[in-house]
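Here the structure is laid out as C-alpha cells; the discussion comes afterwards.
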Amino acid sequence: MTFRNELREIVRYRNAYLLAFSAAMGSIFYGWDIGLIGGVIAMSSFQESFAVDKLSTSAKADFNGNIVSILQGGCFFGALSMGYFSGKFGRKPCLIASGVIYIVGSAIQAIAGLGSSAATGLSVLYFSRFLGGIGVVWVNYSAVLNIAPTDMQWRIPFIVQIVPGALFTFGMLFQPESPRWLVEKGRYPQAAKTLAFVARISPEDPAVLVTLDEIKEEFEGKHKLSLWQQFKGMGASSVIANRCFIPALVMFFQQWTGTNAINYFSPEIFTGLGITGTSSTLFATGIYGVVISVGLVLMFAVESFGRKKCLIVGGIGQGLTMLWIGGYSSIHPSGPIVPASYVSLVAVYLYAVFYCVGWGPVPWVISAEVAPNHLRTISLSIAIGVNWLFSFTISKITPIMLDKITYGTFLIFGLMCIIMAAWAYIFLPETAGHALEDIHFLFEQDVIVRALQDAPLGRLFIGKKRALPVEELKKEMEANVDQKSIKEDSGKAFDDGGASVAPI
C-alpha cells in the first residue's frame with residue numbers, strides 16, 4: 001500500500017483514529033507521572049520542603065519508594081473497582097470519571113504543603129498521589145534550569161500534569177460507548193450506530209451487521225453474567241482458564257522487565273553511571289524520554305513482525321542491556337567516567353527502544369485479544385490489577401534494592417527479561433492476523449506446537465508436527481454445529497411424527 005493510499009485510509013477511518021487517540025490519552029497520565037515524579041524527588045527544593053534532605057541514605061530510599069509507589073496503590077484499587085463500574089455503567093462514563101479524579105488528584109499534589117508542616121504536607125501528597133492513581137521529564141528539566149529552587153520549582157510540574165487530564169476528559173465527552181458493552185446490555189441499535197460511526201458508514205451497512213452478529217454470537221447466553229459468575233467461569237475449562245491466565249501473566253512480566261526501575265529512578269541510575277548534578281541527570285532523563293518516543297514510532301514499523309516476535313526480540317534486547325548495566329555497575333560502582341560509561345548510557349537508551357518494541361505496548365494488545373469476550377470484564381480487571389500491584393511492588397522495592405544490592409538489581413531484571421522471552425517463544429501462539437472472534441481456536445489444541453510453529457526456528461523443535469490451521473478448525477466447528485442441528489431437527493420430526501400416530 002502506497003503512502004497516499006494509507007493516508008486515504010486514515011482520512012476514511014478518522015473517527016476510529018480520533019476515538020483511539022482520545023482513549024489513549026489516558027495512558028499519558030501514567031507516562032507523565034513516570035517522567036515527572038522521578039525528577040521531582042531529585043530536586044533540592046522538593047527535598048527541603050519535606051525535610052527529605054535530613055534523612056539517612058536508607059531512610060531516603062524508603063521515602064522515595066513510598067512516594068513513587070503510592071500512586072500504583074491507587075491504580076491497583078482503581079483497576080479492580082473499574083471492572084465492576086465499567087460493567088454496570090459503561091466504559092465511557094467510567095473513563096470520564098477517572099479523568100476528573102486524576103485532575104483533582106493532580107491539583108491536590110500541586111498545593112500539598114501550603115501553610116502546613118512538612119509532615120502534614122507529606123500526608124496530603126501521599127493521599128493526592130493515591131487519588132491520582134485511581135484516576136514529564138522536560139518539564140522537570142526546564143523547572144530546574146529556569147526556576148529558582150523554591151516551592152514553585154517542584155509545584156509547577158504537578159500543575160502542568162493537569163493538562164493531559166483535561167484534554168482526555170474533554171475528548172471522551174464526544175466519543176461513543178463501547179459496542180461490545182452495548183451488545184452485552186442488549187442495546188443492539190446503539191451498538192450498530194457506534195460501529196457505523198467508527199467506520200463512517202450506515203448502520204444498515206452489511207459490514208456493520210456482520211460485525212454486530214459476530215459480537216452477539218460471542219455473548220449469546222452469557223450477556224447477563226455477574227462478576228462472580230464470570231469469575232467462576234474462568235475455570236470452566238482448561239482452554240478458558242489458560243486464556244484468562246495469560247493477560248495477568250503478561251502484565252506480571254511487563255513490570256518485571258524493570259522498566260519502572262529506570263523510568264522512576266533514572267536520575268539516581270544516571271548518577272550511578274557517572275552523570276552528576278541535578279540538571280545533568282534530568283537532561284539525561286529527558287533524552288531517555290525522547291528515545292522512548294522514537295521507540296514508540298519504531299513500534300509501528302515492527303508491528304508487522306507480529307506480537308510474538310516483538311515480545312521475543314524485546315525481551316532478549318532488554319535482558320542483554322540490563323545485564324550489561326549490572327555488569328558495568330559491579331566493576332565500576334563509582335568514580336570517574338570511563339569509555340564503558342558511555343556504552344552503559346547507550347545501553348539504557350537501547351533498553352527503552354526494546355521495551356517500546358515488545359514488553360511495553362504488546363502485553364496490552366495480547367490481554368485484549370486473548371481474554372474471552374464473555375469474561376473480558378473480569379479477566380482484564382484482574383490483569384490490570386496484577387499490573388498495578390507489581391508496579392507498586394517494583395516501585396517500592398527498587399530504591400531499596402539499589403541501596404542494598406546495587407548492581408544485583410539490574411541482574412535480576414535482566415534474568416527476568418530472558419525468562420519472559422523464553423515463555424513467549426515456547427507457550428504463546430501468534431495472534432496477529434486473526435479476527436478477535438477466532439482467537440479461541442489458537443488455544444483449542446496443540447498450543448505449544450502452534451507456539452513453536454510460529455516462533456523463529458521453532459519448527460526445529462517440533463519436527464513434522466503441525467497444529468491445524470484456524471480455517472480448518474472453523475470448518476470442523478461449523479460441520480459439528482450443522483450435524484448437531486440436523487440431529488435436533490430429526491429428533492423433533494420423529495417426536496412430531498410419533499405423536500401423530502393414533503394408538504391401536
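Please state which one of Leu36, Leu19 is under 21 Å from Val208 (Cα atoms), at pLDDT 70 or above and surrounded by 19 or more Cβ atoms within 10 Å (Cβ to Cβ).
One residue alone meets the criteria, Leu19.
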Taking region 354-373 and keeping residues under 19 Å from Phe427 (Cβ atoms) and part of a helix (DSSP H, G or I) leaves Val362, Pro363, Trp364, Val365, Ile366, Ser367, Ala368, Glu369, Val370
Scan region 383-424 for residues that are of a type in the set (Gly, Ala, Ser), crowded, with 21+ Cβ neighbours inside 10 Å and over 19 Å from the mean Cα position of the chain (by Cα) and jot them down. Gly414
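Restricting attention to region 334-348, and to residues there that are over 29 Å from the mean Cα position of the chain (by Cα) and of a type in the set (Ser, Thr, Tyr), which single residue is nearest to Met401 (Cα to Cα)?
Ser334
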Tally, over region 461-478, of residues that are among the hydrophobic types (A, V, I, L, M, F, W, C) and either out of contact with any helix residue (DSSP H, G or I) (no Cβ under 7 Å at 6 or more places or on another chain) or exposed (fewer than 13 other Cβ atoms within 10 Å of the Cβ) (or both): 2
Any hit, region 38-51, residues being assigned to a helix (DSSP H, G or I), among the aliphatic types (A, V, I, L, M) and in contact with a Leu (Cβ under 9 Å, 6 or more places away or on another chain): no
Would you point out which residue out of Ile366, Ile331 is within 21 Å of the chain's Cα centre (by Cα), assigned by TED's automatic domain parsing to the domain that holds Phe252 and at pLDDT 85 or above? Ile366
Would you call Phe46 buried (at least 23 other Cβ atoms within 10 Å of the Cβ) and farther than 19 Å from Thr259 by Cβ? yes
Mind counting the residues in region 165-222 that are part of a helix (DSSP H, G or I) and of a type outside the set (Ser, Thr, Tyr)? 36
For the structure I just gave you, tell me whether Ala479 is in contact with a Gly (Cβ under 6 Å, 6 or more places away or on another chain) and modelled with pLDDT under 90. no
The condition from (1) buried (at least 21 other Cβ atoms within 10 Å of the Cβ); (2) under 20 Å from Gly83 (Cα atoms); (3) of a type in the set (A, V, I, L, M, F, W, C) that Leu195 misses is numbered (2)
Which one of these is modelled with pLDDT under 60 and either on the phi < 0 side of the Ramachandran plot or assigned by TED's automatic domain parsing to the domain that holds Ser395 (or both): Ile147, Ile108, Ile96? Ile147
So which helices (runs of 4 or more DSSP H) stay within region 374-461 end to end and still have 2 or more residues that are of a type in the set (S, T, N, Q)? 376-404
Could you list, in sequence order, the residues of region 442-453 that are farther than 15 Å from Ile246 by Cβ and not β-branched (Val, Ile, Thr)? Gln445, Asp446, Leu452, Gln453
Some residue of region 262-281 being of a type in the set (Ser, Thr, Tyr), within 26 Å of Ile419 (Cβ to Cβ) and either modelled with pLDDT under 70 or in contact with a Lys or Arg (Cβ under 6 Å, 6 or more places away or on another chain) (or both): yes
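The values are calculated or read from the model by the stated rules, or taken from the named source; none is laboratory data. Everything quoted here is computed from the prediction, not taken from an experiment. A quick note on method: Cβ atoms are made from the backbone with ideal geometry, for glycine too, and the neighbour counts reach across all protein chains shown.
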